[in-house]
């Protein structure tokens, strides 16, 4: 099985690489910058294709000769939907047999661009004639890494929405395993799957887990959005605008989900839990 992988250099989708290699897949990583070609090979990728999601000709060349494509959209770019559709069309034109799209849970939430932009990609896949697998993961546990230094140094975990809003999570390593199963096997073909760890938590409950893991009290902070964005060094632009809209929606409605039935059935084991992930973060710091 030869797979063209979009996102191999990303901090989430890179988890797909070892899962594919474990299943004896050959991986061709799509990279926009040729300077990253050596870096992805060091991660275990077999070859690199220099291409740009804005350049359909380069995408068709990158997809030539592969059996499957793994695609994850770049987050919060203004033309996110167009880029995803372009990859689907390029794969179809190149004779690709399988396409796995890592999208998002609840793509029907039209107020949030990072959700709504996934729908046209799903539609293009359903009409492509390729064997598709659409993954709809919820919030990644790996996003907790972004605020972990504040947890350790400032004894607080800050996000710009209500600390009482409930949200569901998934460990992207579990999503990566599902993606690899879909690309190297047949049981997930022509399926669309919501992927969640069990349950929902609010940030008060979240920091309690953090406090227990590291042995000191952590505060659940809810700064104003602009204050948070400045501290996180997020410049003005589409990402900041998209995050503002997303967190405003979370503030009002939370991020509902947390039904682990599908993920449990696919993995044939219990999904990784939020408590386990937080303990990993604590252990990682203790070992460094």
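What follows draws every value from the coordinates through simple rules; no lab data is involved. Everything quoted here is computed from the prediction, not taken from an experiment. Quick reminder, even Gly has a Cβ in these numbers, built from the backbone with ideal geometry, and neighbours come from all protein chains shown.
Please give the peptides 242-250, 4-12, 262-270 ranked by average Cβ packing (other Cβ atoms within 10 Å per residue), highest first, as a rough proxy for protection.
For the peptides 242-250, 4-12, 262-270, the packing ranking is 4-12, 242-250, 262-270.
Does the range 230-288 come out rounded, prolate or oblate by the C-alpha gyration tensor, with a ≥ b ≥ c the root eigenvalues, rounded set by a/c under 1.5 and, if not, prolate when a/b is larger than b/c and oblate if not?
Oblate is the answer for the range 230-288, as a/c is 1.5 or above yet b/c matches or exceeds a/b.
Can you give the Kirkwood hydrodynamic radius of the range 1-132 from its Cα pairs, in Å with one decimal?
Result for the range 1-132, one decimal place: 14.7 Å.
If I model a spin label as a point 7 Å beyond the Cα along the Cα-Cβ vector, how far apart are those points for residue 82 and residue 279 in nm?
About 4.8 nm separates the two model spin labels.
Hey, any idea what the orientation-averaged projected area of the convex hull of the range 97-208's Cα atoms comes to, in nm²?
For the range 97-208, the mean projected area of the Cα convex hull comes to 8.1 nm².
Using the alpha carbons of the range 1-76, what is the convex hull volume per residue in cubic angstrom, as a whole number?
Residue-normalised Cα hull volume stands at 82 Å³.
What's the exposure ranking of 143, 184, going from fewest to most Cβ atoms within 10 Å?
143, 184
Can you pull the one-decimal nm distance between simple spin-label points at residue 108 and residue 57, each 7 Å off the Cα toward Cβ?
4.2
Give me Rg over Rh for the range 190-243, both radii from the alpha carbons and Rh done the Kirkwood way, two decimal places.
1.13
Tell me the Rg and the Dmax, in Å, that the Cα atoms of the chain produce.
Answer for the chain, Rg first and Dmax second: 19.0, 56 Å.
Using 0.36 nm per residue of separation minus the Cα-Cα distance, give me the extension gain between residue 252 and residue 232 in nm, one decimal.
Residue separation times 0.36 nm, minus the Cα-Cα distance, leaves 5.0 nm.
Taking N as the number of residues in the range 172-288, what value does Rg over Cα atoms divided by 2.2 N^0.38 Å take?
Working it through for the range 172-288, the quotient is 1.31.
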